[in-house]
Each structure stands twice: as C-alpha cells, then as structure tokens.
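Right, one structure below, let's go through it.
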Amino acid sequence: MSATIRLATREDVPAILELIRELADYEKELHSVEATEEKLLSTIAFAPSGETASPTTEPISSSKPARCLVLTTPEGVKAGIALYFYNYSTWRAKPGIYLEDLYVKQSERKRGYGKRLLVELAKEVVAMDGGRLDWSVLKWNEPSIKFYESIGAVMQSEWVGMRVDGERLTKLAAMLD
C-alpha cells in the first residue's frame, strides 16, 4: 500500500494546523503563527466529509480562497500538506496555482512525498490548461531549493517579493480617505 493524497476535509484541520506549526518551527517563525482551527475552517475550501476521495471542494471565494491537499502514509499518519490557491498570469492570460506552503514531516522525508504533492498540483494546472505553478522558498533553505531544482523548478532571481501587512496594510487602505 502506498501513501494517499486527497483534498482536505474539515476533519483534517487539527492535523493541518499541527503541520503548519511544524513548518513554522522549521522556519524559526513559530511565534508568528496566528492560524487556529477556527480560522482554517473559515478560510479553506474543504472537500465533503467521508471515506471516499472527492475531486471537488466547497466553492472558492474571497473569504475561502485556499485549498489543501493532505498526504497520508500507509500507516495512516497525516504527514504532508500542500496549501494552495489559484492565481492568474496576465501575460499568458491563463490560470495557475500558487503553492503557499508545502510541508512534509521531518520523519517522513526522503520517501518522495513532497514530489508526489507537487505532481498532484502540476496535474491540476495542466488539467485546467494553466500557465504555471508558482511558490516561494526562503533563501537559506538550501535543501528545499535543491529539491525544487531537481524536479525542474527555476529560481526567479529577477523578481523581488513585496508585502504589505498588519498596520501598514491598514494605513495603505486608508491612504486616500
């Protein structure tokens, strides 16, 4: 029996939150995690509950923009997640996927689970006639960078990430009032 990958259901939320916390701890940012089970329940579009894997989720919306794949080992351990949302390429006029977080438990690495999660996302992009699968990786995370390059990902060195959050976001929203 091999590991399974399926869209997350509401019952997966405790495991998803645990994996998010493990990822944040790995990135030395555990103190920055604001996610709670309640917040995840209200912001992720989930597949229907039940034993069978569903290819659909609740509708995506501005308040529920994310989907999540869950990888379960043959032993029944929820060992990995790929949390993602849809994006758009204006130049290509095509949809795509932005992978917000990919995480596989430390104890379950080197088994191909990260690659399997990325393959599932790539299949979804191809099925929608999409243009690309995007994500970011921390500059210091050399093991992940090497892994991503080994599967064909190309570092986008000409782009710089920008962000407005917290108080700066509130200030920007009110800038022209």
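Miscellaneous remarks
- One residue from SER63, SER49, SER54 being farther than 15 Å from ARG10 by Cα and at pLDDT below 95: SER63
- Consider the stretch 108-158 and keep the residues that are free of Cβ contacts under 8 Å to residues at least 40 places away in the same chain and either in contact with a Cys (Cβ under 6 Å, 6 or more places away or on another chain) or of a type in the set (Asp, Glu) (or both). The one that is farthest from GLY76 (Cα to Cα) is GLU158.
- The numbered conditions (1) free of Cβ contacts under 8 Å to residues at least 24 places away in the same chain; (2) over 26 Å from ASP165 (Cα atoms) are all true for THR72 except (1).
- Take the conditions (1) under 21 Å from GLU27 (Cα atoms); (2) surrounded by fewer than 19 Cβ atoms within 10 Å (Cβ to Cβ); (3) in contact with a helix residue (DSSP H, G or I) (Cβ under 7 Å, 6 or more places away or on another chain); LYS64 misses just one of them, which is (1).
- Any hit, the stretch 32-39, residues being open to solvent by 70 Å² or more (accessible area, probe 1.4 Å) and among the hydrophobic types (A, V, I, L, M, F, W, C): no
- Residue, least open to solvent (accessible area, probe 1.4 Å), within the stretch 99-137, restricted to residues that are touching a strand residue (DSSP E or B) at 6+ places or on another chain (Cβ under 7 Å) and basic (Lys, Arg): LYS105
- Elements of type strands (runs of 3 or more DSSP E) contained in the stretch 49-151, each with 2 or more residues being at negative phi, in contact with a Leu (Cβ under 8 Å, 6 or more places away or on another chain) and β-branched (Val, Ile, Thr): 94-104
- Test: residue in the stretch 9-18 that is in contact with a helix residue (DSSP H, G or I) (Cβ under 7 Å, 6 or more places away or on another chain), buried (at least 18 other Cβ atoms within 10 Å of the Cβ), modelled with pLDDT of 95 or more and part of a strand (DSSP E or B): no
The values are calculated or read from the model by the stated rules, or taken from the named source; none is laboratory data. As the structure is a prediction and not an experimental result, all values here were calculated from the model. Neighbour counts are summed over all protein chains in view; Cβ atoms, including those assigned to glycine, are modelled from backbone coordinates with ideal geometry. Surface areas here come from the heavy atoms of the whole protein model, side chains and all, with no ligands, DNA or RNA. Shrake-Rupley method; radii C 1.70, N 1.55, O 1.52, S 1.80 Å.
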